[in-house]
Amino acid sequence: KAKVAGTWHLHQLTHDLDFMVLFSTGASLLGSAGQGNHAAANAFMDGLAYHRQVRGFPTVSLNWGAWSGVGAAVDRNLDTRLDTISPTDGLLALERAMRQGLEGGHPQIALLPINWQRIAAESPDYAAKPLLTYIVRDLPSTGEAVSASHKAQEAQQVTAHSFMEELAATIPNKRIQLIRTKVRSHAVHVLGIDPDYPIKMQQPLSEIGLDSLMAVELRNVLGNMLGKPLPATIIFDYPTIDALTEFLKTTIPLDMSASVETAEPEQVEDELDMFSDDELASLLASKLDNITDDQ
């Protein structure tokens, strides 16, 4: 089979590689009816990853599940019947797998979007396979899983309700400040940095150390705060605290139209505390330029 021959030739000709990634499939782990040759070819890739790893050649074989939007599952209209991996989540998983591979991690990683409880309930014979018995054995019962899911949903609803109550109780001209403060607080927590670290509101969070996995975590935290799912690429499309604040305010059904200019002096002072000295200087220079241009 071409996959076996091609993989073996790459192995023989690329001993000088810093790292090798092999794209295997879940079929080599779980089997695939009528595709014994396909499962065997991918199992060869998995075995080669171990072979290379013990000889000092960093390698990882990834047992992929079905992807949504692209790939063989979509071409054969199987994606409507299978749990799938979104391209965004797939690329993030690939990055994480490669990172742990470079650090000497396990040479084989399964990336399978599978609902094991459903498998155990609907296909007991399949769940009884030797590899899966260890997974299914440690699963909570269906009732326990549903209860845990409901509790998680309830906790998210409480978080979102609490935030919306706090926002509604805040005078309109300070609501954007509250959102900005929350975004900054969550970003600091995800980044794991000192809360007093002087993050600039227009500074890309990636410059402070935010990577793609942290971006997913921050997206989830902000989504929980609002009680709604957020776009997968939100942190990349809105990379700064100010940009995230501007986006989030458009998703909230409250009045955000009041500006700092209509606020009382002490409220203006509170708003200005959100900016660093450099940002205030830049804002002042911009205002002076506008006045000069008008004259």
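Express the carbon and sulfur contribution to the solvent-accessible surface of the range 153-249 as a percent, rounded to the nearest whole number, probe 1.4 angstrom.
Numbers: 2560 of 4750 Å².
Exposed carbon and sulfur together represent 54 percent of the surface.
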- Note on the structure: Regression test value, accessible area per residue of the range 196-257, probe 1.4 Å, units Å², expected 48 Å²
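For the range 9-68, with every protein chain kept in place, what is the accessible area per residue (1.4 Å probe, Å²)? Present the calculation step by step, with values, prior to reporting the outcome.
Details: 2830 Å² over 60 residues.
Spelled out: the 1.4 Å probe surface of the range 9-68, per residue, equals 47 Å².
The values are calculated or read from the model by the stated rules, or taken from the named source; none is laboratory data. Quick caveat: nothing in here was measured; it's all calculated off a predicted structure. Please note that ligands, DNA and RNA were not included when accessible areas were found on the heavy atoms of the full protein model with its side chains. Shrake-Rupley method; radii C 1.70, N 1.55, O 1.52, S 1.80 Å.
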